[in-house]
Amino acid sequence: MRFFNNEIDTSKYVIATYFISCAKGADLRKAAWELAIGQSVGNPNVRNQWETDEIFERSSCVIVHGEDELKNKGIGLVKIGFPMVNTDWREDGISHLLCQLMGGQMDISSFDGCRLKALSFPDSVKDKFLAPKYGIDGFRLLTKKFKKPLSGAIVKPKIGMSPDVLLKMVAELIEGGCDFIKEDEIMSNPNFCTLKDRVPLISKFLQQNAPNVVYCYCINSDPPYALDRAKYITSEGGNGIHINFWSGMGVYNSLRKLDLPLFLHFQKSGDKVITDKRHKFGIDWSVICQLAGLMGVDSIHAGMWGGYLSDDELELRKTFKLLHEFNVMPALSCGMHPGLVEANRTKFGNDFIANVGGAIHGHPMGTLAGARAMRQSIDKSYGDEYRAAISIWGLTEP
């Protein structure tokens, strides 16, 4: 195995930074060795006759530390270089990369914990992926809303409505001033509200009445069906799709490569199974956002501050900065309401979607009033609907 004291040709490697905690009897040097060998050329402890010097030179991972730097340390950061040559970047993509980064080391007894903290890509890898087709700039151009957050709505109830009832809800959301509407991740293709029934209905209404609104249909499914659904939505004049990360990280890359005229929304519900920092094994949310930006999503559920989910403000600021570097529009959701808009605007700026479900549909005067209350909070044109919302959910000062 090769150790390098930060002196490697970074154009030939993806550099992964891990936080590793070692089991009793192991140290970071041993763990790094086993990770580098096991996630490239072979068994972490046993060599064989087929492992030539040429193979090691070309395909083995490298440890980006001096040979003695990790000795006798049971916990800490470790950098590993993954050879670019091991991956077909056009077809293997994110799916195979994640298999390399977060694979067999989880089964090695030397590891008590292993979190992927950061990734560094050479430009030649970045060139294999597409940037967002629309992103922040595209949202601004379509909605014609500038220098303010976008007013987003989530379809509620999550599932159970017929296409006709859904259309009535959408009409009220549009009348109330929403810029972005997202079906919930629980809705995909149920037999009582199939995509083939609802997409033509909703898309025709939007084309005729609200061409400046982004509507993201939920297409959660296994990969071939997700691609087919995206093509179908395009053929029916839709302009957005929403897919949850449980459909697979690589599906975003595949959808983006279709290069369809669709806004692509990344929905993260469930991500804490792998991103929660309390877990010993996992991937930091910042890495997921980096990969999402690399693959070209236009918007992403970034988190929330002040709702029933309330992320650490500093961490959320870092997430915003990272996403904005990729021109990805963050969405704040999970308890957003009119009384939180200004506080979030003060903390994070104008480039986000204030995405709301409960506080729109649960407004005491109904969905239309709830949408108007959000519009008023964003435009600072406070009316009766806004005041009614504040009387229930309160006002959080900036």
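The values are calculated or read from the model by the stated rules, or taken from the named source; none is laboratory data. Because the structure is predicted, anything quoted here is derived from the model rather than measured. Backbone-built Cβ (ideal geometry, glycine too); neighbour counts: all protein chains shown.
Just wondering, is there one or more residues in the stretch 297-309 that are buried (at least 19 other Cβ atoms within 10 Å of the Cβ) and part of a helix (DSSP H, G or I)? No; the residues of the stretch 297-309 include none that is buried (at least 19 other Cβ atoms within 10 Å of the Cβ) and part of a helix (DSSP H, G or I). Kindly provide the set of residues from the stretch 48-72 that are free of Cβ contacts under 8 Å to residues at least 12 places away in the same chain and of a type in the set (Ser, Thr, Tyr), ordered by number. Matches in the stretch 48-72: Thr52 only. Restricting Ala389, Ala373, Ala369, Ala331 to those that are more than 18 Å from Asp271 (Cβ to Cβ), touching a Ser or Thr at 6+ places or on another chain (Cβ under 9 Å) and in the same structural domain as Lys168 (by TED's automatic domain parsing) reduces the list to Ala389. Suppose the filter is within 16 Å of Ala373 (Cα to Cα), free of Cβ contacts under 8 Å to residues at least 40 places away in the same chain and either assigned to a loop (DSSP other than H, G, I, E, B) or out of contact with any His (no Cβ under 7 Å at 6 or more places or on another chain) (or both); does Gly339 pass it? Against the criterion (within 16 Å of Ala373 (Cα to Cα), free of Cβ contacts under 8 Å to residues at least 40 places away in the same chain and either assigned to a loop (DSSP other than H, G, I, E, B) or out of contact with any His (no Cβ under 7 Å at 6 or more places or on another chain) (or both)), Gly339 does not qualify.
Among residues of the stretch 185-213 being among the polar types (S, T, N, Q) and surrounded by 15 or more Cβ atoms within 10 Å (Cβ to Cβ), the one that is nearest to Asn239 (Cα to Cα) is Ser203.
Looking at Lys156, Lys147, just one residue is surrounded by fewer than 23 Cβ atoms within 10 Å (Cβ to Cβ), among the basic types (Lys, Arg), outside any helix (DSSP H, G or I) and under 23 Å from the mean Cα position of the chain (by Cα), and that residue is Lys156. Within the stretch 111-124, if we keep just the residues that are farther than 17 Å from Ile288 by Cβ and not acidic (Asp, Glu), the residue that is surrounded by the most Cβ atoms within 10 Å (Cβ to Cβ) turns out to be Phe111. Can you find a residue that is hydroxyl-bearing (Ser, Thr, Tyr), within 18 Å of the chain's Cα centre (by Cα) and surrounded by fewer than 19 Cβ atoms within 10 Å (Cβ to Cβ) anywhere in the stretch 91-110? Yes, the stretch 91-110 contains at least one residue that is hydroxyl-bearing (Ser, Thr, Tyr), within 18 Å of the chain's Cα centre (by Cα) and surrounded by fewer than 19 Cβ atoms within 10 Å (Cβ to Cβ). Elements of the type strands (runs of 3 or more DSSP E) sitting completely within the stretch 214-290 and holding at least 1 residues that are within 15 Å of the chain's Cα centre (by Cα), of a type in the set (Phe, Trp, Tyr) and under 18 Å from Ile202 (Cα atoms): these cover 263-267.
Residue under question is Arg317, and the condition is that it be among the charged types (D, E, K, R), farther than 16 Å from Ala153 by Cβ and under 16 Å from the mean Cα position of the chain (by Cα); does it hold? Spelling it out, Arg317 is indeed among the charged types (D, E, K, R), farther than 16 Å from Ala153 by Cβ and under 16 Å from the mean Cα position of the chain (by Cα). Only a single criterion out of (1) over 26 Å from Ile186 (Cβ atoms); (2) more than 20 Å from the chain's Cα centre (by Cα); (3) among the small types (Gly, Ala, Ser) is not satisfied by Ala118, namely (2).
Restricting attention to the stretch 238-276, the residues that are in contact (Cβ under 8 Å) with a residue 24 or more places away in the chain, more than 23 Å from Arg90 (Cβ to Cβ) and touching a strand residue (DSSP E or B) at 6+ places or on another chain (Cβ under 8 Å) add up to 11.
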